[in-house]
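What follows is one structure encoded as structure tokens, with my remarks underneath.
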Amino acid sequence: MKDKILRKLSPVLGLLAVIWIIELVNLVTGHALAQFGIVPRTIGGLVGVPLAPFLHFGLVHAFSNTLPMLVLGGLLLASNGSRFWHVTIAGILGGGLLTWAFARGVPHVHVGASGLLFAYFGYLVTRGIVERSLSSLAVTALVVLLYGGMIWGVLPTRPFVSFESHLFGFIVGVAIAWMGGRRADEDEEASLPA
């Protein structure tokens, strides 16, 4: 049973392992790697789009993203494992590019896995609303119960927090769930007898 759970969670555990290996290297270098985050509207800042979710400003920052990534990523794997990599890649690249294009610029460097977490959150909540199946609604209810307060993270409440990466990650997650639900509806309609 334990091996089966670990195997099922291996993608999210792998992402967390990468985050923590990079955080340990970052710690040894005095967090010099954080400069490779997203720096909006700069050519050099584009390198941060794929790197930002793996970079953090410190141990507390990395710790604060670890449990939500394990829970939300685990729920995504459990409820729709085939979508995990779609949401992950779109959350990283889509959310990152939107952050690069529209977020506060220099001197702000946007790093951390929270944009990806918001993509997971947006996807899981919207999927239940779009699909309206008992299992997807149960996952949505659980996500809202555990992490519903995350929604306040899309607002500019703290100047040192990248609400932009939260907002754009959330938008990307919602969009993927919405498009996936619409595609399923279209496939269902196409299979109905005329």
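General observations
- Cβ pairs under 6 Å, 6+ apart, first in the stretch 42-65 and at pLDDT below 95, second of a type in the set (S, T, Y) and part of a helix (DSSP H, G or I): none
- The set of residues in the stretch 92-134 being among the small types (G, A, S) and more than 14 Å from V154 (Cβ to Cβ) consists of G94, G96, A101, G105, G112, A113, G128, S133.
- Test for G48: is it in a helix (DSSP H, G or I) and under 17 Å from V161 (Cα atoms): yes
- Within the stretch 12-50, tally of residues that are among the β-branched types (V, I, T), within 26 Å of R104 (Cα to Cα) and crowded, with 19+ Cβ neighbours inside 10 Å: 4
- Among the candidates F160, F118, F168, residue that is over 13 Å from the mean Cα position of the chain (by Cα) and either at pLDDT below 95 or assigned to a helix (DSSP H, G or I) (or both): F160
- Per the listing P68, P53, the residue uniquely surrounded by 22 or more Cβ atoms within 10 Å (Cβ to Cβ) and assigned to a helix (DSSP H, G or I) is P53.
The values are calculated or read from the model by the stated rules, or taken from the named source; none is laboratory data. Everything numeric here is computed off the predicted structure, so don't read it as measured data. Cβ sites come from the backbone with ideal geometry, for glycine too, and all protein chains shown count toward neighbours.
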